[in-house]
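*Asks:* First the structure, which I've put down as structure tokens, then a few questions once you've had a look.
The values are calculated or read from the model by the stated rules, or taken from the named source; none is laboratory data. As the structure is a computational prediction, the values presented were derived from the model and not from experiment. No Cβ is skipped: glycine too gets one built from the backbone with ideal geometry, and neighbour counts run over all protein chains shown. The protein model used for the area step is the full one, side chains on, heavy atoms only, and it has no ligands, DNA or RNA in it. Shrake-Rupley method; radii C 1.70, N 1.55, O 1.52, S 1.80 Å.
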Amino acid sequence: MAVGSNWNTLASGLFDNPLRCAKWRFFFFAELRFTSGGVVARSRSIWMRAMLPWERFLMIRVQQLFVSALSVALVTSVAANGSAMTINGFANGGFETVGMSTPAEAWLGAASGYSLSTDARTGNFAAQLSSPAFNAAVMLQNSIEQGGIEPLIVGDNPLLSFWAKGTAGGTGNVLFALRYLDGVGNILSNSGNQFFQGSINPQTWTEITYDLGPVPAGATAAFIEFSQGIGPIDDNLPAGLVLIDDLSLTRASAVPEPTSVALLVLAGVAIVAGRKVVASRK
């Protein structure tokens, strides 16, 4: 007899009988406790013998459908969460957290001219690079050592994005370099110096993006360096001032593989389904 056939007749016959209704409730939820304890097993056997043949069939079928639907929902949820899990590969990319010994937390400085500005694209602060003459303003971060970010995932393809505004100055230039490093600092992937003074202006914010390619085997940390360098500064050769804000390296996060969790769920379903077959033969 198909579960869908004569459902109204079965339901009316089932639920207008208080004893039978209580019997179904007990059997259904006792089974879903996933226990093989003697008390539950004996109680289940008593109820099964008290059931009519069509009740046994329908009870087992309802349980199978319930557990199958639950497993599908769990597996779908885990797979969706796993595929959507991304993080910023660099810390404090909005430069909102002020550092104790550096202008922005997690961002080291070199030479001179690196500071924070309140002329931000979003939030309260942006990083500012404005080097004195014959010098360079440098800021940098190692995603693990300074950022405290989890290691890179081999094969993942992160995308670097940041917003910039300003000018490199009369004799200046501004660049970034992105690298993927192994655990001892060896460079495994290197963007080289990427100059972008020709892409920005002092009036509006411009988004800069860069794709270094897949993370190679052995790479654990992302490293980025910004530098605004300049030569002489005078009335005819103005100083430079470059602002950086909303930086991100969009990358995958290390989460449990959906396949492993799915196998655990399906194993549980198989166990329950097996118990249904045993129960149906009693």
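*Asks:* Pairs under 9 Å by beta carbon, first residue under 14 Å from Gly155 (Cβ atoms) in region 204-220, partner surrounded by 14 or more Cβ atoms within 10 Å (Cβ to Cβ) and polar (S, T, N, Q), six or more apart or different chains?
*Replies:* What qualifies is Leu212/Ser189; Leu212/Ser191; Gly213/Ser189; Pro214/Ser189; Val215/Ser189; Pro216/Ser189; Ala219/Ser189; Thr220/Ser143.
*Asks:* Just need a number here: residues in region 94-108 that are open to solvent by 20 Å² or more (accessible area, probe 1.4 Å) and either closer than 15 Å to Val174 by Cβ or touching a residue at least 60 places away in the same chain (Cβ under 8 Å) (or both).
*Replies:* Total satisfying the criteria: 1.
*Asks:* Another one. Name the pairs: first residue in region 185-200 and at negative phi, second residue modelled with pLDDT under 95, Cβ to Cβ under 6 Å, at least 6 apart or on different chains?
*Replies:* none
*Asks:* Which of the residues that make up region 130-147 are open to solvent by less than 50 Å² (accessible area, probe 1.4 Å) and either acidic (Asp, Glu) or in contact (Cβ under 8 Å) with a residue 60 or more places away in the chain (or both)? Before the answer, list the steps.
*Replies:* Restricting attention to region 130-147, the residues satisfying the condition of being open to solvent by less than 50 Å² (accessible area, probe 1.4 Å) are 130-131, 133, 136-143, 147.
Selection gives Ser130, Ser131, Ala133, Ala136, Ala137, Val138, Met139, Leu140, Gln141, Asn142, Ser143.
*Asks:* Do you know which residues across region 208-238 are in contact with a Gly (Cβ under 7 Å, 6 or more places away or on another chain), open to solvent by less than 20 Å² (accessible area, probe 1.4 Å) and among the aliphatic types (A, V, I, L, M)?
*Replies:* Across region 208-238, the qualifying residues are Val215, Ala222, Ile230.
*Asks:* Looking at region 205-241 only, could you name the residues that are under 31 Å from the mean Cα position of the chain (by Cα) and farther than 30 Å from Gly183 by Cβ?
*Replies:* Taking region 205-241 first, the residues under 31 Å from the mean Cα position of the chain (by Cα) are 205-227.
Across region 205-241, the qualifying residues are Trp205, Thr206, Glu207.
*Asks:* Now a separate question. Looking only at region 161-177, decide whether some residue is of a type in the set (A, V, I, L, M, F, W, C) and open to solvent by 40 Å² or more (accessible area, probe 1.4 Å). Walk me through it before giving the result.
*Replies:* In the first step, residues of region 161-177 are kept if they are of a type in the set (A, V, I, L, M, F, W, C); the result is 162-164, 168, 174-177.
Checking which are open to solvent by 40 Å² or more (accessible area, probe 1.4 Å) leaves us with 163.
Scanning region 161-177 turns up at least one residue that is of a type in the set (A, V, I, L, M, F, W, C) and open to solvent by 40 Å² or more (accessible area, probe 1.4 Å).
*Asks:* Further, regarding this structure: Restricting region 148-160 to residues that are part of a loop (DSSP other than H, G, I, E, B) and touching a strand residue (DSSP E or B) at 6+ places or on another chain (Cβ under 8 Å), which is least open to solvent (accessible area, probe 1.4 Å)?
*Replies:* Initially, region 148-160 is screened for residues part of a loop (DSSP other than H, G, I, E, B), giving 148-158.
Next, only the ones that are touching a strand residue (DSSP E or B) at 6+ places or on another chain (Cβ under 8 Å) stay: 149-153, 156, 158.
Details: Ile149: 34, Glu150: 64, Pro151: 71, Leu152: 17, Ile153: 53, Asp156: 33, Pro158: 1 Å².
Top of the filtered list is Pro158.
*Asks:* Let me ask you something else. Give me the pairs: first residue in region 240-263 and among the hydrophobic types (A, V, I, L, M, F, W, C) and open to solvent by 50 Å² or more (accessible area, probe 1.4 Å), second residue at pLDDT 80 or above and outside any strand (DSSP E or B), beta-carbon distance under 7 Å, and six or more apart or on different chains, which are they?
*Replies:* Leu241/Ser130; Ala254/Glu150; Ala254/Ile153; Val255/Met85
*Asks:* Scan region 109-129 for residues that are surrounded by fewer than 18 Cβ atoms within 10 Å (Cβ to Cβ) and among the aliphatic types (A, V, I, L, M) and jot them down.
*Replies:* The answer is Ala110, Ala111.
*Asks:* In region 82-93, is there at least one residue being in contact with a helix residue (DSSP H, G or I) (Cβ under 9 Å, 6 or more places away or on another chain), open to solvent by less than 50 Å² (accessible area, probe 1.4 Å) and outside any loop (DSSP other than H, G, I, E, B)? Before you say what the answer is, go through the steps one by one.
*Replies:* First, pick out the residues of region 82-93 that are in contact with a helix residue (DSSP H, G or I) (Cβ under 9 Å, 6 or more places away or on another chain): 82-83.
Now narrow it down to the ones that are open to solvent by less than 50 Å² (accessible area, probe 1.4 Å): 82.
Then keep just the ones that are outside any loop (DSSP other than H, G, I, E, B); that gives 82.
Yes, the conditions are met somewhere in region 82-93.
*Asks:* Which of (1) within 20 Å of Gln128 (Cβ to Cβ); (2) out of contact with any Phe, Trp or Tyr (no Cβ under 8 Å at 6 or more places or on another chain) does Ile208 not meet, given it meets every other one?
*Replies:* (2)
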